[in-house]
Amino acid sequence: QITSLVRRAALTQNDNHFNYEKAHNFKVHTFRGPHWCEYCANFMWGLIAQGVRCSDCGLNVHKQCSKYVPNDCQPDLKRIKRVYCCDLTTLVKAHNTQRPMVVDSCIREIEARGLKSEGLYRVSGFTEHIEDVKMAFDRDGDKADISANIYPDINIIAGALKLYFRDLPIPVITYDTYSKFIEAAKISNPDERLEAIHEVLMLLPAAHYETLRYLMIHLKKVTLHEKENFMNAENLGIVFGPTLMRPPEDSTLATLNDMRYQKLIVQILIENEDVLF
């Protein structure tokens with residue numbers, strides 16, 4: 001529990017600036033005209049492919065220097081062309097927010113008018129309307145209008161939120177931690193299983209941890225209206241398991257074998273969000 005408290009304190013100590021670590025996204029680059037390395041300050045020799053440039057923040061360095069640059073990338077909004085399909089940490093750092101604004105906007109809207117909606121998150125909204133919401137976020141960012149005037153069906157907003165998580169290049173529960181979560185789910189003793197899940201949660205990147213924490217608090221609220229919406233933690237686990245976690249290798253067999261554990265992980269996270277986060 002101590003680690004959770006420390007983590008939460010670190011996340012809330014400065015609400016204006018979120019110091020999430022982010023590695024640079026270096027790509028080989030051909031510079032026109034003379035260029036100097038922004039790490040070692042030496043000249044970049046050659047006519048083509050003289051060095052690498054971070055496609056998120058624009059930092060220019062020698063290829064060999066890129067190994068020593070700290071994980072201090074501060075993405076430039078001008079370089080981030082979209083909201084969906086963008087790396088989670090990159091997006092929150094570019095917008096300087098604690099969580100992706102899609103998550104905040106959709107959850108705010110759902111909690112304002114949809115918590116009692118029957119089959120919330122299980123009932124699908126119209127695909128073309130969900131695509132419209134996606135385009136609105138990509139185009140307008142946090143100014144996207146997803147109010148009831150434009151989208152009266154709350155399932156469209158719920159669908160847009162699920163699509164955001166499905167479109168992430170690295171899932172909220174990262175590829176690096178996937179197998180550890182599955183192993184933790186297989187532990188039969190409930191207390192030991194909870195402890196194991198808590199330990200793996202601590203391995204998530206800070207932005208992923210915070211997004212997952214916020215989502216689980218929301219899904220817990222959804223379960224409090226189970227009498228109206230018929231959505232308990234198990235049902236939400238079935239919906240969100242494959243949405244929040246995907247196996248690193250794209251194997252249909254692995255996915256099928258792991259589905260019940262994916263469901264169980266999300267169910268446990270919802271039921272114990274106050275203890276785990």
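Against the test of being touching a strand residue (DSSP E or B) at 6+ places or on another chain (Cβ under 8 Å) and either among the acidic types (Asp, Glu) or part of a loop (DSSP other than H, G, I, E, B) (or both), the options Pro70, Pro75 yield a single qualifying residue, Pro75. Restricting region 182-193 to residues that are outside any helix (DSSP H, G or I) and more than 17 Å from Ala254 (Cβ to Cβ), the residue that is most open to solvent (accessible area, probe 1.4 Å) is Ser188. Check Asp132 against each of (1) exposed (fewer than 15 other Cβ atoms within 10 Å of the Cβ); (2) part of a helix (DSSP H, G or I) and name the one condition it does not meet. Failing condition for Asp132: (1). Do the conditions hold for Asp250, that is, is it assigned to a helix (DSSP H, G or I), open to solvent by 10 Å² or more (accessible area, probe 1.4 Å), out of contact with any Cys (no Cβ under 7 Å at 6 or more places or on another chain) and at pLDDT below 95? For Asp250, the condition - assigned to a helix (DSSP H, G or I), open to solvent by 10 Å² or more (accessible area, probe 1.4 Å), out of contact with any Cys (no Cβ under 7 Å at 6 or more places or on another chain) and at pLDDT below 95 - is not met.
Scan region 138-187 residue by residue and report those that are outside the structural domain of Ile265 (by the TED database), aromatic (Phe, Trp, Tyr) and more than 13 Å from Pro100 (Cβ to Cβ). Residue satisfying the conditions is Tyr151 alone.
Tell me, please, whether a residue that is touching a Gly at 6+ places or on another chain (Cβ under 7 Å), open to solvent by 30 Å² or more (accessible area, probe 1.4 Å) and either closer than 27 Å to Ser179 by Cβ or outside the structural domain of Ser179 (by the TED database) (or both) can be found in region 253-260. Within region 253-260 (the criterion being touching a Gly at 6+ places or on another chain (Cβ under 7 Å), open to solvent by 30 Å² or more (accessible area, probe 1.4 Å) and either closer than 27 Å to Ser179 by Cβ or outside the structural domain of Ser179 (by the TED database) (or both)), the answer is yes, since at least one residue qualifies.
Of all residues in region 1-44 being modelled with pLDDT under 85 and among the aliphatic types (A, V, I, L, M), which is surrounded by the fewest Cβ atoms within 10 Å (Cβ to Cβ)? Per the stated criteria, the residue is Ile2.
Consider Val83 carefully, then state whether it is part of a loop (DSSP other than H, G, I, E, B), at pLDDT 90 or above, within 20 Å of the chain's Cα centre (by Cα) and among the aliphatic types (A, V, I, L, M). Yes.
Every listed requirement among (1) of a type in the set (Phe, Trp, Tyr); (2) touching a strand residue (DSSP E or B) at 6+ places or on another chain (Cβ under 7 Å); (3) closer than 30 Å to Asn229 by Cβ is met by Tyr84 save one, (2). The number of residues in region 89-128 being modelled with pLDDT of 95 or more and farther than 27 Å from Ala233 by Cα comes to 1.
Filtering region 86-112 to residues that are under 10 Å from the mean Cα position of the chain (by Cα) and surrounded by fewer than 15 Cβ atoms within 10 Å (Cβ to Cβ) leaves nothing. For Tyr175, the conditions (1) in contact with a helix residue (DSSP H, G or I) (Cβ under 8 Å, 6 or more places away or on another chain); (2) open to solvent by 10 Å² or more (accessible area, probe 1.4 Å); (3) touching a residue at least 40 places away in the same chain (Cβ under 8 Å) all hold with the exception of (1).
Please pick out the residue among Ala196, Ala206 that is open to solvent by 10 Å² or more (accessible area, probe 1.4 Å), closer than 24 Å to Asp87 by Cβ and of a type in the set (Gly, Ala, Ser).
Matching residue, one of Ala196, Ala206: Ala206.
The listed residues are Lys134, Lys116, Lys162, Lys78, and the only one of them that is of a type in the set (Lys, Arg) and closer than 18 Å to Cys54 by Cα turns out to be Lys78. When you scan region 208-231, do you find a residue that is under 18 Å from the mean Cα position of the chain (by Cα) and free of Cβ contacts under 8 Å to residues at least 40 places away in the same chain, even just one? No, region 208-231 has no match at all.
The values are calculated or read from the model by the stated rules, or taken from the named source; none is laboratory data. Bear in mind that the values here come from a model prediction, so they are computed numbers and not experimental data. Note that each Cβ is placed from the backbone with ideal geometry, even for glycine, and that neighbours are counted across all protein chains shown. Areas reflect the complete protein model, heavy atoms only, side chains present, ligands, DNA and RNA absent. Shrake-Rupley method; radii C 1.70, N 1.55, O 1.52, S 1.80 Å.
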